[in-house]
Amino acid sequence: MSNPTWISRRAWLAVPLLALAFMVATTARRAVRLSHLEAVAGAPAPAVAGSHGLAWQPRLIIPGHHNESYEWLDQTYQMLAKGEWRVRTVDYENAPGGHDVFSPSPYRWWLGLVAYLHSGFTPMPLRPSVEWAAVYADPILLLLFGIATTLFVAWRFGILAAALSSAATATLFPFAAEFLPGVPDDGGLALILAIWSLLPLLAGAGESDEKLRRRWFGAGGVIGALGLWVNVPHELPILIGLGLSGVAAARMSRGTPGSLPWRAWSQAGAASCLVAYVIEFFPSHMASWELRVIHPVFGVAWLGAGEIIVRTASAIQNGRSRAGWRGVVVWILAVAALASVPAALWFGKNLGFLALDLPSMRLSLLPSGASAANLWAWLLQNGFTATVYATVLPLLVLVPAVAILSMPRLFPANLRIPIALALGPVLVAVLFAVRQISWWNGVDAALLALLVVTAAAASTLPRQGLVASVSAAAALLFLLPGAMQLWPSGKTDLSDGLTETEVVGLVERDMAYWLAKHAGPVGATVLAPPNETATLYYYGGIRGLASFGWDNRDGFQAAVRIVSATTPEEAQELIGIHGVTHLIIPHWDPFMDAYAQIGEGQVEGTFLARLHQWNLPPWLKPVPYLLPTIGGFEGQSVDILEVVDEQDDATAASRLVQYFIDMAQLDLATKAGVRLRRFPADLGALLARTQLEIATENPDYTQTLDLLLKRVASGSDRALPWDQRVNLSIVMAQTHHVDLAIPRVKQCLEEADEDNLRSLSTNSLYRLQYLRKGLGLQFKDPKIAAAAADLLPADLRGRLGE
């Protein structure tokens, strides 16, 4: 006769293998799509000095356009390239001075380790290896966590708990979505540490040996401090929940020998907090009171909390006892220590870990993930969708957990106490998740720990076949919706088209390549929306001002002040202070308007409003940039304005008309062309008028052309700037005055240098190259010829046959 228990164990052993297969399959599908996406638009041209000074350019398109991922990659590469083991400052934001970095190091160390090992075992250089790590570091982290947790849970809590925990690790939503390939973020590491700050305590709570119990609680304190180090907002609610659970556990342990070693937990945690703080910030940032990151004040509060739990638990277990003056003093010190965190927030006038930011309004890292200010706003925005059900259904674990707690006769205290300990973090996490939907990840972390101890208690029941069936059905109920959310939708080969964020990523990558080339070795510094600031630096090494990082407040405020300036003179002064060379206004990202609204409450009357109306000051020159042709992005554009030496009114008006012609915005060109008639004696204005009339097919253009030819015959074109002389040569050729065009093309080629070539629009450069080739002319220097070819997009180079 077969043994049903043995069969059940054999069956449950298959669950971790299925979970592993699910992890590998979802990761592989997403990684393949990323690989296909990187190859869109072909290989990039060789990098220039502005693009990190390398012969390789970043290619990865971050799914969902998650801005923080670019920060992690840039800082990890800086750490490896400079041989730093901590990144305390960066200079690519808040130009020109940069800003301090407070983000914790452990996740950068993990990314760096994966990149370093990959670079060591493959011929791939370090920089591409960092990008490889961006794809695979987090899935590897989830895989290692799943293996370690499954083995540990099987050892301490049994095979049923191990099977269920492995399935939950792979399919809990939004928990598993924190480990997506190509979206590096410290949230996954923080969640792992949050779970492991619970598991040792849950193992120790059921341990009869007092020494071992103390060791387990000490280990939980150390791991909890590591969790605070990596991400304070993720770990702190777990610790708060544990503190509340300690009191509830004390009520259940009445009449049982011994007590839970909360002092060992708090002392280990407090000491580890101090060590982590010193490792992260010694010596230059030791005086900072920024409570979004690890700080000794958390250790002080932890000590106070531990003492309060111990004394409260003792009073509950042993009955009320009269405290002497020493006890009163200890109580006062413990409460004061616990109050040190809210006091620090109060006196610092800083919400610290309670502050809301964009990541806190995001449910998951999935490209189509929900985003809302809080749970209520999310429900009002989307209703009860499949995503909502996948998020909240795992709370059903609370039902058997509470049922077990309510049956002391069936389940002894050593089984109920771990459940009581795990229940507090779940409840506190749910309260946080109501305020910030990003904290549903923390709910999942706490639920996974609760699932382990609940399954361990259930496995002691008789009729294990029934228990196994009910457990499997329950797991299927609350994990299957999450698995459906995590499974990549669509095809991996891009045959279904590109998502909006993928298209934006490709466009911004191309723009970064283009701007890095046209900025030259000196590089550029941009004022742009925060998302574009991040992508322009990652892909092109272009510095900027603003980002969404809370440690770049100064850069963000500088952007707000410039955009919301009430006069061009004020904006010019601020732009000069920060060394801004280009203003980038992408029409797909409205955040430039947000800068103005933050500064002045409205766009009207601001410097940005003048730019929207193309009322440019004479020290700004519009630079034509043609977006790559990508399906789904038709009709979009970006305004790029270069800071130049002050131009006279005629030159500024001429270049604005030429810009609109290059951008095929002929209505705006016609409107701007009216201003050119104010400068009848200016040859540049006359040239622009001729170009406009040719572009709009005005039949009267010959009259303007005749005026232009008379002026050229007198030799007055020698005073034109080089870029306008190129355009003059093109007009001469277009109007079949090749005899006039040839000497001017020769002169332009003779005088050409890289700075001159970069001053041309793409259209003008292409036409110059086309004209040069048709006339059989060459640049004086092969290096200049190569630079001219490199500045053209690949499709235009192909048309020239170069």
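Values quoted throughout were computed directly from the atomic coordinates according to the rules given, and no laboratory measurement underlies them. Just so it is clear, the structure is predicted and the values come from calculations on it, not from any experiment. Note that each Cβ is placed from the backbone with ideal geometry, even for glycine, and that neighbours are counted across all protein chains shown.
The slack between Leu393 and Val434, meaning 0.36 nm per residue of separation minus the straight C-alpha distance, is 13.2 nm.
Sparse packing (at most 14 other Cβ atoms within 10 Å of the Cβ) combined with a DSSP loop state is found for the following trypsin sites (Lys or Arg not before Pro) in region 408-516: Arg409, Arg463, Lys491. Of the peptides 443-455, 512-524, 634-646, the ranking by mean beta-carbon count within 10 Å, highest at the top, reads 443-455, 512-524, 634-646. Annotation for region 557-627: GluC sites (Glu not before Pro) lying in DSSP loop with at most 13 further Cβ atoms inside 10 Å of their Cβ are Glu604.
Taking the longest Cα principal axis of the chain as reference, the axis of helix 722-734 is set at about 60 degrees. Peptides 379-387, 18-26 ranked from most to least packed give 18-26, 379-387, packing being the mean of other C-beta atoms within 10 angstrom over each peptide's residues. For the chain, the dipole from Cβ point charges (+1 on Lys and Arg, -1 on Asp and Glu) about the Cα centre works out to 3520 debye, to the nearest 20. In the chain, the DSSP-assigned H stretches of four residues or longer account for a calculated mean residue ellipticity at 222 nm of -20500 deg cm²/dmol, using -39500 (n - 2.57) per stretch and the full residue count as denominator.
Compute the distance from the alpha-carbon center of region 52-101 to that of region 353-393, in whole Å. Region 52-101 and region 353-393 have Cα centres spaced 28 Å from each other. Taking trypsin sites (Lys or Arg not before Pro) across region 70-106, the ones in a DSSP loop with at most 14 further Cβ atoms lying within 10 angstrom of their Cβ are Arg88. With the simple model of a label 7 Å out from the Cα in the direction of the Cβ, His587 to Arg718 spans 4.3 nm. Given the choices [x] 32.3, 112; [y] 28.1, 95; [z] 30.5, 94, Rg and Dmax of the Cα atoms in Å derived from the coordinates of this structure is entry [x]. Computed 3J(HN,Hα) for region 150-163, one whole-Hz value per residue from the Karplus formula 6.51 cos²θ - 1.76 cosθ + 1.60 where θ = phi - 60°, is 4, 5, 5, 5, 4, 5, 9, 10, x, 6, 5, 4, 5, 5, glycine and proline marked x. Straight-line reach from Lys710: taking Cα to Cα under 14 Å and skipping same-chain neighbours fewer than 8 places apart, the aspartates and glutamates in range are Asp682.
Cross-link partners for Lys621 among the lysines, with Cα-Cα distance under 19 Å and sequence neighbours closer than 8 places in the same chain left out: Lys517, Lys671.
Helix 591-600 and the longest principal axis of the Cα set of the chain meet at an angle near 80°.
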